[in-house]
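First the structure, in the form of structure tokens, and then the observations on it.
The values are calculated or read from the model by the stated rules, or taken from the named source; none is laboratory data. Not measured: the values here are computed from a predicted model. Note that we place each Cβ from the backbone using ideal geometry, even for glycine, and neighbour counts take in every protein chain shown. For the accessible areas, the whole protein counts, side chains as well, though only heavy atoms, and no ligand, DNA or RNA atoms are used. Shrake-Rupley method; radii C 1.70, N 1.55, O 1.52, S 1.80 Å.
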Amino acid sequence: MAATVIARPDTDAVPDTAWHARAVPDVLARLDTSERGLTSADAARRLGRYGPNALVIATRMPAWRILVAQFRSLVMALLCGAAAISVVAGDTADAYAIVAVLLINVSLGFATEWRARRAMTALLQLDVPRATVLRDGVLQTHDARALVPGDVIELEEGQLVPADARILSATELRVQEAVLTGESMPSHKSAEDILAPNLALADRSNMVYKSTMVVTGRARAVVVATGDETEVGRINVLVRRAPEPRTPLERRLDELGRQLIGWTLAACAVVATVFFLRGIHWRVALETGSALAIAAVPEGLPAIATRAMAGCVWRMARRRVTVRRLPVVETLGAATVICTDKTGTLTMGEMTATALWVATREYAITGVGHATTGAILFDGAPVDGRDDPLVLAALRIAALANRGEIVHTPNKSSVHGDPTDIALLVAAEKGRVS
């Protein structure tokens, strides 16, 4: 994307956090640092002031609160009341049946939510463990959590950016920012541009952000934000503060519960009163009204709803989708249209070569992502790149004029470099050209 460059910015009008709109000398002056970085003593003082460069973990809900939350539904409360009435009335068979239904519902709900809440901490995997920082005028490797605003860091190809930083110098620097922007193509970065203050994050070519990846080149940058003050940290804050509104299914079940409670209590009161007025012993009248209440409670409804939602959660889990709470599945299932501005890059950040044009021929390439399980087809028939001079020449050029790297191990394969380069290397392997 094209960036808007300002020749002479009015630095007094620039917001404090708009580091991309300031020249390098101004940034260094405001951070009270220099291109030689901080001293160890100054870094220690700032660490006490700003805190560690780590995403703050949301307070984990204890297991007992998750368990209690399973009983918040009015239908569940009605079942608990029906079980208590059955015990008082001496109908232990019904009481055992209702308790069994309650245990099934609570167990499924608790297990699903407990696992989902633990999985939600996966956001912390975006944290960067180590960083190369200039301290006391010497490049050192430090725990990334010890970085502070004003530190000067060095970035190289294949590294994750440890903090939000303003670039001081760069050589052929390109950064994969899909984790923040959704863009599949790496962004070209430089230190010279002074940009408009209101520019979108994806267009800030003189900035690098925590948890993005350097795919090519190298750079030196000064840290401007750490921890939850970074862009990815703000996402972490939003996740922690996100409310948990009740889903449409929960609201409908609560409404059903309120109606059942109202009609059941009214019917029980009428039946018990009629029996009592006709001279029937009050205990018999109460037992009769209680039996009517138990019969009116749909004991199987929560079990059926929970089992259906749990089945959906398990099927989604097989597709690596985490559902935080069971009733959320119903909300997702009610969606008829999902609008996004990307395909694939929202979650994978991968590119795939799907076709090859050589001279007058068009070849199809099967397979998706970084997996080399695919083939090159011509008119539906597999082609071995080593037997086709045109394909061999094209794929050999793609593999040799390439800065990407695919490392195969017995357990998995790892990739490093530009997504386009990786896609071409994968295509070459599919054509058996390496």
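Remarks
- Cβ-derived FRET efficiency at R0 51 Å, Ala308 paired with Val274, nearest 0.05: 0.85
- Surface calculation, 1.4 Å probe, protein heavy atoms: His281 sits at approximately 110 Å² accessible.
- Close amide-amide hydrogen proximity is noted between Arg218 and Thr171, Leu173, each under 5 Å apart and 5 or more residues distant or on a separate chain (H modeled in the peptide plane; Pro and chain starts excluded).
- The modelled label-to-label distance between Ala41 and Glu156, using points 7 Å beyond Cα along the C-beta direction, is 3.2 nm.
- In Å², nearest 10: area of Asp136 left accessible to a 1.4 Å probe: 80 Å²
- Accessible area of region 191-232 divided out per residue, in Å², using a probe of 1.4 angstrom: 29 Å²
- Label-point separation in nm, Gln140 to Met185, each point 7 Å along Cα→Cβ: 4.1 nm
- FRET efficiency estimate (nearest 0.05) - Cβ-Cβ, Cys80 to Arg318, R0 22 angstrom: 0.05
- Carbon and sulfur %, accessible surface of region 353-434 computed with the full protein complex present, 1.4 Å: 56 percent
- His20, His408, ranked by accessible area, largest first (probe 1.4 Å): His408, His20
- Residue-by-residue Karplus 3J(HN,Hα) for region 389-403, coefficients 6.51, -1.76, 1.60, Hz, glycine and proline x: x, 5, 5, 4, 5, 5, 6, 5, 5, 4, 7, 7, 8, 8, 10
- Karplus-based coupling profile of region 275-283, in residue order and whole Hz: 4, 5, 5, 8, x, 6, 4, 4, 5, with θ = phi - 60° in 6.51 cos²θ - 1.76 cosθ + 1.60 and x standing for Gly or Pro.
- Dipole magnitude for region 126-209: about 140 debye, using +1 per Lys or Arg Cβ and -1 per Asp or Glu Cβ, origin at the Cα centre.
- For Glu35, distant residues with modelled amide H under 5 Å away: none
- Computing FRET efficiency as 1/(1 + (r/R0)^6) for Val368 and Cys339, where r is the C-beta to C-beta distance and R0 is 25 Å, gives about 0.65.
- Residue-span extension gain [Ala267 to Glu192] - 0.36 nm each, minus C-alpha spacing: 19.1 nm
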